[in-house]
1. Answer with yes or no whether residue 230 is touching a residue at least 24 places away in the same chain (Cβ under 8 Å) and assigned to a loop (DSSP other than H, G, I, E, B).
2. So how many residues does region 240-297 have that are more than 29 Å from residue 72 (Cα to Cα) and in contact with a helix residue (DSSP H, G or I) (Cβ under 7 Å, 6 or more places away or on another chain)?
3. Scan (1) modelled with pLDDT of 95 or more; (2) over 19 Å from residue 176 (Cα atoms); (3) not in a helix (DSSP H, G or I) for the single condition residue 55 breaks and write down its number.
4. If I ask for residues that are out of contact with any helix residue (DSSP H, G or I) (no Cβ under 8 Å at 6 or more places or on another chain) and farther than 23 Å from residue 60 by Cα, which ones from region 167-182 would you list?
5. In this structure, is residue 52 in contact (Cβ under 8 Å) with a residue 12 or more places away in the chain and farther than 27 Å from residue 274 by Cβ?
6. In region 185-214, what residues are surrounded by 19 or more Cβ atoms within 10 Å (Cβ to Cβ), over 16 Å from residue 15 (Cβ atoms) and in contact (Cβ under 8 Å) with a residue 60 or more places away in the chain?
7. Go through region 1-28 residue by residue and tally those that are more than 26 Å from residue 103 (Cβ to Cβ), in contact with a strand residue (DSSP E or B) (Cβ under 8 Å, 6 or more places away or on another chain) and assigned to a loop (DSSP other than H, G, I, E, B).
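The values are calculated or read from the model by the stated rules, or taken from the named source; none is laboratory data. Quantities reported herein were computed from a predicted structural model and do not represent experimental measurements. Cβ coordinates were reconstructed from backbone atoms using ideal geometry, including for glycine residues, and neighbour counts include every protein chain displayed.
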């Protein structure tokens, strides 16, 4: 008889996947691996929640891995990592904001698949002709039902995708209750700070340093935007298509601050890229180093001078 194939929970660090993780462990069916992908620009609260759920998994002997997409070819650009740095490097917006496919394929699914191709239990299962069980936190609500039905149309020879929450008929409120019953805080909605799916209230809740990055990305991409207004694409009755316009109208950042970022930061970044292009790849400064300098330009962080970007 063949051993059973391993199970992997694709963990989004959100409500549904957290409730699924907790309940699977309680039923004695904990996954062999919990796997998350970091886009590099998740909301601060999501990274904070990792500090809570990681010890919970460790104490129960559940293996957890955090992976990320790592570009390998930088042409003449400084090395960059994550969606934010990719957008700044290429003067663009996330593909979803431009009407393209979901960013999750490149920055979430692809790095998880790459890791699993090196994970020995998965390799051995595939050698036996088995499919790895991939557990996904789709709940029984109408939105996730549509997403799950679409996923079921994809025949993947490597994975057997399952959604236990739907089998249990658990909706979002039931997931919240299960997390609370475990004595854990309920995780925030998991999303990149640049995601088109962010609602106005979610933008309002972001700290100033995240709002500055939104302004920076839209300002860097502005010369190339001809069919969309910004990260939200098009205006609606409740908000503009540009998150920068929303931030300005709501007074989430001062108008002078927004103007200074839009005026100075893209030019400073282009100069940085031009200098980097003349340096051998192995010695080039990384895009993250320029971002550190960008953050230092704001006095309320306790570092740098407010006019540092214009210097």
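1. So residue 230 passes the test.
2. Qualifying residue count for the region: 14.
3. (3)
4. Correct list: 167, 169, 171, 173.
5. Answer is yes for this residue.
6. Result: 192, 193, 194, 195, 196, 206, 212, 213.
7. Qualifying residue count, region 1-28: 2.
Yes/no per residue for (1) buried (at least 20 other Cβ atoms within 10 Å of the Cβ); (2) modelled with pLDDT of 95 or more; (3) within 30 Å of residue 268 (Cβ to Cβ):
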site: 87; (1), (2), (3): yes, no, yes
site: 99; (1), (2), (3): no, no, yes
site: 107; (1), (2), (3): yes, no, yes
site: 117; (1), (2), (3): no, yes, no
site: 121; (1), (2), (3): no, yes, no
site: 151; (1), (2), (3): no, no, no
site: 165; (1), (2), (3): yes, yes, no
